[in-house]
1. Checking residue A:163 against (1) farther than 20 Å from residue B:381 by Cα; (2) surrounded by fewer than 20 Cβ atoms within 10 Å (Cβ to Cβ): exactly one of these is not met. Which one?
2. Please specify each residue of the stretch B:371-389 satisfying the condition of being at pLDDT 95 or above and surrounded by fewer than 17 Cβ atoms within 10 Å (Cβ to Cβ).
3. Which pairs have Cβ atoms under 6 Å, sit 6 or more apart or on different chains, and link a residue in the stretch B:92-108 that is over 17 Å from residue B:174 (Cα atoms) to one that is modelled with pLDDT of 90 or more?
4. For the stretch B:328-345, does any single residue satisfy the condition of being surrounded by 22 or more Cβ atoms within 10 Å (Cβ to Cβ) and within 11 Å of chain A (Cβ to nearest Cβ)?
5. Provide a single number: the residues in the stretch A:450-473 that are more than 28 Å from the chain's Cα centre (by Cα) and either under 21 Å from residue A:267 (Cα atoms) or surrounded by 15 or more Cβ atoms within 10 Å (Cβ to Cβ) (or both).
6. Right, residue B:195: within 15 Å of the chain's Cα centre (by Cα) and either within 14 Å of chain A (Cβ to nearest Cβ) or without any contact (Cβ under 8 Å) to a residue 40 or more places away in the chain (or both) or not?
7. Could you tell me whether the stretch A:474-487 includes any residue that is touching a residue at least 60 places away in the same chain (Cβ under 8 Å) and more than 22 Å from residue A:298 (Cα to Cα)?
8. Taking the residues in the stretch B:405-424 that are more than 30 Å from residue A:24 (Cα to Cα) and in contact with a strand residue (DSSP E or B) (Cβ under 7 Å, 6 or more places away or on another chain) as candidates, determine which candidate is farthest from the other protein chains (Cβ to nearest Cβ).
């Protein structure tokens, strides 16, 4: 029997608490819908019973394919409430990719938003494990295959109380498939314990309070919304749903719903600050950003609108954020350019994470001199349990006793890490490593440039050389030569790109990350290997 | 081997992190001394090595008898760093009481402040387990027995890094002896896991941030300072030490050190607000209060000075605070009297605690009608591991599957608990329970009255009747009849005291709790039993 002094850690306890403390407070806003915490807990309980009645047993996977809607949020509690495992699928994947995830996870039930389910028509008859498809119709979208209406699923449930508890805190709570820029997606397993601790850390580092009004710009399918699904529920804040990232809609919700916090990748912030609706925030707002180092230009723009920017860094394998660029005493007094340079670093571990390290190939720490590059590795409670049904990939990722991020960083003398690249993105030119991020920062400091991506291209003399793809701000112009000259004024000349393509847009993943591999594939199409 | 995805939870990681993130930031201020986080970690490491060199092995107890000084704080990390158990002794105990705790805990080493050690002279030769006494001389106080200077102890250590880790998160980190108003003190065992989680909850509920400047009005020996020793260190705030609670000194430190937070019992707040130095706070201050429900009068006074009051409730057995009176939406708009009535409730469980219950003798929940009284019981991660070397007392406290607080409360329909009394403080008059707290609140709403205590006294007709002891504000006057009339205007007449003693002061424990048993003992001296 569990001793009296021990409760297994689980984020289920967060919804239990908020339903006790704030039963009549609005926990979720979605358009005109308002759902109180009592209703949210009741809905989660009913859905849990319904899934059980549909054959879901402890450990079974339940897939959700939904935008940031109330049902997607509530599933984060309903599925674990019967010790099931939530698989929230990236909504922008192609039908065959979704099919792969459903097959690989072995999900017995798929609950989807009709607008997204409609895209599954080509593969729906080929699903091997899904016994039932349940459709949530939020947008009056017709389906051309049979699906159970969500209301019918719920009707199988009841509001009879279930314990907001788990039998073992290391039980898997969710599987999040990596976006898989190369190879097949891998299923990252989170535990109840890890989700609980990371949610508390999100509350602390994003400074949430019961007064938080959190706008869902970040997809909930992305690391379970960095565990903010659980965190904002735990602190008793209000979730504001958002079906898709649209700057005009975001500005409207910020203005009308009293938003105090949101999380967004730098590319989303670029869209926001360049929107015609952009204006100074009416109240203090905390924006937590990750996915790429925010350029000084973005930091200056977003702070100029009155927001506090928290820069965090992590991966799907680390429950989302693992480090935060903590402000040091005195940083607030720096001029905006110096402050921006400081804030662009990835920083130090979350309060619930073990110290993040930067290591060489033999797992020894690199010198903390802001120059030596190494790989970022992590271990501890904020690291995944492993890849689902992939022991070899897990072993490979955990080699040497830590999780290998594949990200390349330098370590500053003050212990902050500063990303230089994804391992595979580094340009090796005549044996010298060139950080494509550093080159991009230099390019983006040009006032005419909105965003950029630098990749390695094959070169007879140097092996590889950097090439830049550049998107201009509306109505602005600059030549490739102008870009190169701008970079050469700022960096060692060998780091400047040899060629620059001015393009209309960059290829991006659903979470706003630039897909450098798409650019690289194009440039290396005629080569028989990808490293020169 | 511990899996890569698991770190044993321990507050040791908090000092490790702050030494990495804020090495040069001042972590501790004590008079003119300023100690950075790097120095604090180095000091803790050196002290840990020194204790090990002095024979301390994993599981051994190390006693500290110190006011709120840097050494007392650092011991919270140094002792567990070698898997030792910290016994921080109440500094206001009599020599024989301290002797009992040293003997019972089996502490091998006693580290003490010379001012406090000096009082131990009568018993120092009778200590059975203490092999060495180490003296910290913060005040130039001479000792008349032999003791190792603290510097000599430290000289046995080294700064060689020790892992900021524990082998098992359920290992005991500290033993805190209850103040023992009746019977012998009991040694409450805290675990690394419980201390870690409660420290995170303190950060969240008292809204700490890296900018926190925390004034040590609360004794560190009291529930390890409600785990704030570990929490403020973890968030990277600044600790401001304080040897003794003195309103003039507190006001001075608030003004000169930039204090943003402190914790204090209502009796301390009475002293502060009535001090001639009292003035409006120059910056936003959060005061977390516990130990007794703050009267509406205190709440109004402290809010009038510009502080935010957080009311929490707990016991030594629950790592200090276990519940918090969360503000509901709209409470801020209530008038001060209504807001004060709301804030006087103990509230709901901390985010890391299981829901607190109010139960009858058969462990069933009482009705949530604000009328039915029952005992407050708790279980989960914020409950002690048990009483040290006292299995029977532990079993008794844990009977029925929960920790029995001994406190009597009603449960409001909105799930907030509201304390009515310590079990032994309830007045049973003609079979009716009278909450002495309720009577005290009515008495203290009288403008001439500073504080009061109501106890049961024997009565021929009714069995027991309430009697009030009242302290007047300086320069004020009121008669006993005036007090009784004031209460009868506010409460059912049977609840009004029959007699009122106007006294100069009330007997109090070292932590500011009124010792009702002292008053009761006097009144019941001629009786052969204490319940009528």
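The values are calculated or read from the model by the stated rules, or taken from the named source; none is laboratory data. Remember, predicted model here, so these are calculated numbers, not experimental data. Because the Cβ atoms are built from the backbone with ideal geometry, glycine has one as well, and the counts that use them run over all protein chains shown.
1. Only one criterion in (1) farther than 20 Å from residue B:381 by Cα; (2) surrounded by fewer than 20 Cβ atoms within 10 Å (Cβ to Cβ) is unmet by residue A:163, namely (1).
2. B:389, the sole residue that qualifies.
3. Cβ pairs passing all conditions: B:95/B:119; B:95/B:120; B:95/B:122; B:95/B:123; B:99/B:123.
4. no
5. Looking only at the stretch A:450-473, we keep the residues that are more than 28 Å from the chain's Cα centre (by Cα), and these are A:457-465.
Subset that is either under 21 Å from residue A:267 (Cα atoms) or surrounded by 15 or more Cβ atoms within 10 Å (Cβ to Cβ) (or both): A:457-459, A:462-465.
Qualifying residue count for the region: 7.
6. Considered against the rule, which asks whether it is within 15 Å of the chain's Cα centre (by Cα) and either within 14 Å of chain A (Cβ to nearest Cβ) or without any contact (Cβ under 8 Å) to a residue 40 or more places away in the chain (or both), residue B:195 comes out as yes.
7. No: zero hits.
8. The residue in question is B:422.
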